[in-house]
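Before any comments, here is the structure.
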Amino acid sequence: MNTVSVQNVSMRFGDFTAVDDVSFTVADGEFVTLLGPSGCGKTTLLNVVSGFLQPSAGKIEIGGVDVTFVPPEKRDTAMCFQSYALFPHLSVAENLQFGLKQKRLPAAERKQRLNDVAEKLDLVAQLEKLPNQLSGGQQQRVALGRALTMRPSVVLFDEPLSNLDAKLRESVRLEIRKIQADYNLAAIYVTHDQGEALAMSDRILIMRNGKIEQSGTPTEIYNFPQTSFVADFIGDANILDATIIGQESEDFWRVSTEIGELLVKSDTPPIAKRLKICWRPENAQFGAGEMNSIEAPITHRAFQGNYTDLFIEMNGVAQRVQWRRSHLEDITSLSMNIRPEDIIFLEAMT
Amino acid sequence: MKRWLKISLLLMPGLGLILIFIGSVVYIAIAQSFGYFNLSGESGFSLEYWAKMFDRLSYSRAIGYSLYIGVASAFLAVIFAYPLAIWLRRPFAGSLFISAVLKAPLLVHGLVVAFLYINIISYNGIVNQLLQALGIWDGPHRLQNDSGAVGVLILQTWKNMPFALLLLSGAVQAIGDDLLDAAADLGAGPFDRFRRVIAPLAVSATQAALVIVFVGALADFSFQVIAGPINKQSLSQLMVFFKGYGRWHDAAVIAVTLMGLGIAGSGVLALFSRFVLRGGRLS
Ligand SMILES: Nc1ncnc2c1ncn2[C@@H]1O[C@H](COP(=O)(O)OP(=O)(O)O)[C@@H](O)[C@H]1O
Ligand SMILES: [Mg+2]
């Protein structure tokens, strides 16, 4: 069953359309991520779901009930804010129980839920402290705990990890995912960090200019981006303009590009005769191959630890290659090939 | 140069002057109430002025009346200012204009307003005429100098509300949208958001507004003289009355009473408002 159903929602501020005819659903226990660059309308969309904003058009259902015009205090959602939004005058315990008191739950049940969340989030020793006496990571956990004690149908996260340092981010990621699974909560998670989205999500919705550009599982999105925007936003991609020259066999097409003719293997036919294609830098194969061989001088290199970024140039077009190999210092030109199945058809050229 | 000496010297022109002025006035008032600084006879310590004052009915009545005006004005100003401060928390079309108009009373002297007010409510004033024209009243009513001091309270509220608004606006605006959103998200409707988030976070500003309005209204003279009840006297009125007869020691007793009530009342109001706004806790 779908916990959340967003139907043709638009949000306009004056002449500006921040969210443009967006539809999606979130199933019970599903973790859905809204991913997109800053300003693409993620927070606005989340605010429409939580009720802080009323959409200019469209409909929101939670648990099958139309809540489009229900105020936030009456919606069964709980938000984990980017700024944490902890009440500075209340102790951690009081912050965690804020919503429970609002619901007028009996003291025994409040205490039980408080202890449950405090234990899960390792906050037992912090309960009497005020928010400003906590570290960033602890504040983040209080914000999460405050939402979880409500046992909502859906938890909404607005870039909850953006104020944490990189190491902490990775551990909290896992923690959030584990707790979400424990409680079997539906979750909508907003982020502009593709790594976060890939690592955490059951499903990713890529947003651009208020619209959903593509949706799918992390592997689908990564392996089969449909547009150059998605290809570039998730992972790294070499994007080329291509013209279809001919179809070799059922799944094989021959294209001409700035870096020469290439053979492409694709389950789906190209969308137009002239279109964008891409290949991932980590998919380059070392040495000349039977097809799609490339030989080009290396213009720059950047050591990244577990791999090295090499930039090669062909006919004035720069391409990026990720090389998982040391001892590259003496190489000045690269001989490589791209397997046809590693090349992806994208959108038509305009 | 020694550090404390340097600091003292630097503070001298400002703080020093203030302390000397306030200190000397307070000192003289207290000393005078105990019989010193006699302008027309022998000076010397005496409890006589206090003792006699405590026996006067006009004194205890004036204390009660002034406390009533002070406390009621303080609460009325804050009660009217709070919803406005919350309403004007986030800018909207016309909000700047509205808040400018609301603050206009700060620029008009109280006496001017008091005269305007008694004009409007006078026996043949527009309020009487309007209510008769509407058929609500059969004939003119006497509204001036009403015995409940409603006139004084209206004037005090009118004059002090903008000041309370100024203080409360600052505090309320400092509360982030996300905090109120979080409260709403956790199930708090508008009143609970006020009770559980805004009020506790604006305690200091509320205390300041209550105390400042209280101290001003406690010592009210001009509104009382123009619009106050004929049969009641405020402490300031009583003080001026004694001074008019050259009874400086009695006037000083009342001045010291006013100061004492101001301090004690402020403390009580501050504690009370903290207790209420923090939802029944003082810490
Ligand atoms: N209240 C508002 N009034 C006008 N424009 C707004 C408002 N809220 C958001 N916007 C605009 O909508 C766009 C999307 O904002 P937002 O949803 O916050 O983006 P994101 O969270 O993806 O970074 C931005 O261009 C922003 O300026
Ligand atoms: Mg945002």
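The values are calculated or read from the model by the stated rules, or taken from the named source; none is laboratory data. In this text, all values refer to a predicted model and were calculated from it rather than measured experimentally. All Cβ positions, glycine included, derive from the backbone under ideal geometry; neighbour counts span all protein chains shown. All accessible areas refer to the heavy atoms of the entire protein, side chains included, with ligands and DNA or RNA removed. Shrake-Rupley method; radii C 1.70, N 1.55, O 1.52, S 1.80 Å.
I need the full set of residues from region A:30-63 which are away from ligand 2 (no atom under 16 Å from the Cβ) and within 13 Å of chain B (Cβ to nearest Cβ), in order please.
Of everything in region A:30-63, just one residue is away from ligand 2 (no atom under 16 Å from the Cβ) and within 13 Å of chain B (Cβ to nearest Cβ), namely A:51.
Restricting to region A:66-85, and then to whatever is among the aliphatic types (A, V, I, L, M) and more than 8 Å from chain B (Cβ to nearest Cβ), can you tell me which residue is surrounded by the fewest Cβ atoms within 10 Å (Cβ to Cβ)?
Residues of region A:66-85 that are among the aliphatic types (A, V, I, L, M), as a first pass: A:67, A:70, A:78-79, A:85.
When the remaining residues are screened for being more than 8 Å from chain B (Cβ to nearest Cβ), the result is A:67, A:70.
Numbers: A:67: 20, A:70: 15.
Per the stated criteria, the residue is A:70.
What number goes with the only condition from (1) more than 18 Å from residue A:143 (Cβ to Cβ); (2) open to solvent by less than 10 Å² (accessible area, probe 1.4 Å); (3) away from chain B (no Cβ under 14 Å) that residue A:20 does not pass?
Just one mismatch for residue A:20, condition (2).
Which one of these does residue A:172 not meet: (1) under 28 Å from residue A:104 (Cβ atoms); (2) open to solvent by less than 10 Å² (accessible area, probe 1.4 Å); (3) part of a helix (DSSP H, G or I)?
Checking residue A:172 against (1) under 28 Å from residue A:104 (Cβ atoms); (2) open to solvent by less than 10 Å² (accessible area, probe 1.4 Å); (3) part of a helix (DSSP H, G or I), the one that fails is (1).
Would you check if residue A:45 is at pLDDT 95 or above, among the aliphatic types (A, V, I, L, M) and within 24 Å of residue B:187 (Cβ to Cβ)? Step through it out loud before you land on a result.
Values: at pLDDT 95 or above: yes; among the aliphatic types (A, V, I, L, M): yes; within 24 Å of residue B:187 (Cβ to Cβ): yes.
Answer is yes for this residue.
Exactly one of (1) more than 24 Å from residue A:34 (Cα to Cα); (2) open to solvent by 20 Å² or more (accessible area, probe 1.4 Å); (3) more than 12 Å from chain B (Cβ to nearest Cβ); (4) not polar (S, T, N, Q) is unmet by residue A:114. Its number?
(2)
Just for region B:174-197: of the residues that are open to solvent by 10 Å² or more (accessible area, probe 1.4 Å), assigned to a helix (DSSP H, G or I) and hydrophobic (A, V, I, L, M, F, W, C), which one is nearest to the other protein chains (Cβ to nearest Cβ)?
Applying the filter and picking the extreme gives B:179.
Out of B:117, B:123, report the one residue that is at pLDDT below 95, in a loop (DSSP other than H, G, I, E, B) and away from chain A (no Cβ under 14 Å). Break it down into steps so the answer makes sense when it comes.
Details: B:117 fails: in a loop (DSSP other than H, G, I, E, B).
Checking each option against the conditions leaves just B:123.
What single numbered condition from (1) in contact with an Asp or Glu (Cβ under 8 Å, 6 or more places away or on another chain); (2) within 14 Å of chain B (Cβ to nearest Cβ) fails to hold for residue A:141?
If we test residue A:141 against (1) in contact with an Asp or Glu (Cβ under 8 Å, 6 or more places away or on another chain); (2) within 14 Å of chain B (Cβ to nearest Cβ), just (2) comes out false.
Can you work out which of the residues in region B:198-236 that are under 25 Å from residue B:162 (Cβ atoms) and open to solvent by 50 Å² or more (accessible area, probe 1.4 Å) is nearest to the other protein chains (Cβ to nearest Cβ)?
B:201
So the check is Cβ under 6 Å with 6+ separation or different chains; which pairs have a first residue in region A:68-89 that's among the charged types (D, E, K, R) and a second one that's surrounded by fewer than 16 Cβ atoms within 10 Å (Cβ to Cβ)?
Qualifying pairs under 6 Å: A:73/B:189.
Among residues belonging to region A:74-93 that are of a type in the set (A, V, I, L, M, F, W, C) and under 20 Å from residue B:195 (Cα atoms), point out the one that is nearest to ligand 2 (Cβ to nearest atom). Outline the logic, then answer.
The first filter runs over region A:74-93 and keeps only residues of a type in the set (A, V, I, L, M, F, W, C), leaving A:78-81, A:85-87, A:90, A:92-93.
Checking the rest, the ones that are also under 20 Å from residue B:195 (Cα atoms) come to A:85-87, A:90, A:92-93.
Values: A:85: 14, A:86: 19, A:87: 22, A:90: 26, A:92: 26, A:93: 29 Å.
Only one residue tops the list, namely A:85.
On the basis of being without any contact (Cβ under 8 Å) to a residue 24 or more places away in the chain and of a type in the set (A, V, I, L, M), does residue A:105 make the cut?
Numbers: without any contact (Cβ under 8 Å) to a residue 24 or more places away in the chain: yes; of a type in the set (A, V, I, L, M): yes.
Answer is yes for this residue.
Listed residues B:70, B:64, B:94; which is within 30 Å of residue B:197 (Cα to Cα) and under 25 Å from the mean Cα position of the chain (by Cα)? So that I can check it myself, show each step before the final result.
On the way: B:64 fails: within 30 Å of residue B:197 (Cα to Cα); B:94 fails: under 25 Å from the mean Cα position of the chain (by Cα).
Answer to the selection: B:70.
So which residues in region B:237-250 are free of Cβ contacts under 8 Å to residues at least 40 places away in the same chain and open to solvent by less than 40 Å² (accessible area, probe 1.4 Å), if there are any at all?
Taking region B:237-250 as the starting set, the residues that turn out to be free of Cβ contacts under 8 Å to residues at least 40 places away in the same chain are B:239-245, B:247.
Passing the criteria: only B:242.
Need the failing condition index for residue A:161 against (1) away from ligand 1 (no atom under 16 Å from the Cβ); (2) free of Cβ contacts under 8 Å to residues at least 60 places away in the same chain; (3) of a type in the set (A, V, I, L, M, F, W, C), just the number.
For residue A:161, the exception is condition (1).
What pairs can you find where one residue is in region A:27-47 and over 24 Å from residue A:183 (Cα atoms) and outside the structural domain of residue A:159 (by TED's automatic domain parsing), the other is within 16 Å of ligand 2 (Cβ to nearest atom) and open to solvent by less than 30 Å² (accessible area, probe 1.4 Å), and their Cβ atoms are less than 8 Å apart, with a gap of 6+ or different chains?
The qualifying pairs do not exist here.
Can you tell me which residue among A:71, A:106 is over 16 Å from residue A:142 (Cβ atoms) and either within 16 Å of ligand 2 (Cβ to nearest atom) or within 31 Å of the chain's Cα centre (by Cα) (or both)? Please lay out each step first, then the result.
Details: A:106 fails: either within 16 Å of ligand 2 (Cβ to nearest atom) or within 31 Å of the chain's Cα centre (by Cα) (or both).
Going through A:71, A:106 in turn, just one is over 16 Å from residue A:142 (Cβ atoms) and either within 16 Å of ligand 2 (Cβ to nearest atom) or within 31 Å of the chain's Cα centre (by Cα) (or both): A:71.
Looking at A:143, A:197, A:147, which one is touching a Phe, Trp or Tyr at 6+ places or on another chain (Cβ under 7 Å), in the same structural domain as residue A:19 (by TED's automatic domain parsing) and either buried (at least 20 other Cβ atoms within 10 Å of the Cβ) or not in a helix (DSSP H, G or I) (or both)? Write out each step before concluding.
Details: A:197 fails: touching a Phe, Trp or Tyr at 6+ places or on another chain (Cβ under 7 Å); A:147 fails: touching a Phe, Trp or Tyr at 6+ places or on another chain (Cβ under 7 Å).
None of the other options fit; the residue is A:143.
For region A:202-291, please list each of the strands (runs of 3 or more DSSP E) lying entirely inside it that holds at least 3 residues being open to solvent by 10 Å² or more (accessible area, probe 1.4 Å) and not assigned by TED's automatic domain parsing to the domain that holds residue A:46. Talk me through it step by step, then tell me what you get.
On the way: elements: A:203-208, A:211-216, A:238-247, A:252-257, A:260-265, A:274-279.
Those strands (runs of 3 or more DSSP E) span A:238-247, A:252-257, A:260-265.
Which one of B:51, B:62 is of a type in the set (A, V, I, L, M), modelled with pLDDT of 95 or more and in a helix (DSSP H, G or I)?
Just a single option satisfies the conditions, and that option is B:62.
Could you check residue A:55 against (1) open to solvent by 40 Å² or more (accessible area, probe 1.4 Å); (2) within 15 Å of ligand 1 (Cβ to nearest atom) and say which number it fails?
(1)
Any idea how many residues of region A:33-45 are surrounded by fewer than 23 Cβ atoms within 10 Å (Cβ to Cβ) and either more than 6 Å from ligand 1 (Cβ to nearest atom) or under 18 Å from residue A:63 (Cα atoms) (or both)?
1
When you go through A:212, A:206 one by one, which is the residue that is out of contact with any helix residue (DSSP H, G or I) (no Cβ under 9 Å at 6 or more places or on another chain), aliphatic (A, V, I, L, M) and within 16 Å of ligand 1 (Cβ to nearest atom)?
Details: A:206 fails: out of contact with any helix residue (DSSP H, G or I) (no Cβ under 9 Å at 6 or more places or on another chain).
Answer to the selection: A:212.
Looking only at region A:175-194, filter to residues that are in a helix (DSSP H, G or I) and away from ligand 1 (no atom under 15 Å from the Cβ); which one of those is farthest from the chain's Cα centre (by Cα)? It would help to see each step written out before you state the result.
Filtering region A:175-194 for residues in a helix (DSSP H, G or I) gives A:175-182, A:194.
So of that shortlist, the ones also away from ligand 1 (no atom under 15 Å from the Cβ) come out as A:175-182.
Details: A:175: 17, A:176: 15, A:177: 14, A:178: 18, A:179: 19, A:180: 17, A:181: 18, A:182: 22 Å.
For region A:175-194, the residue satisfying everything is A:182.
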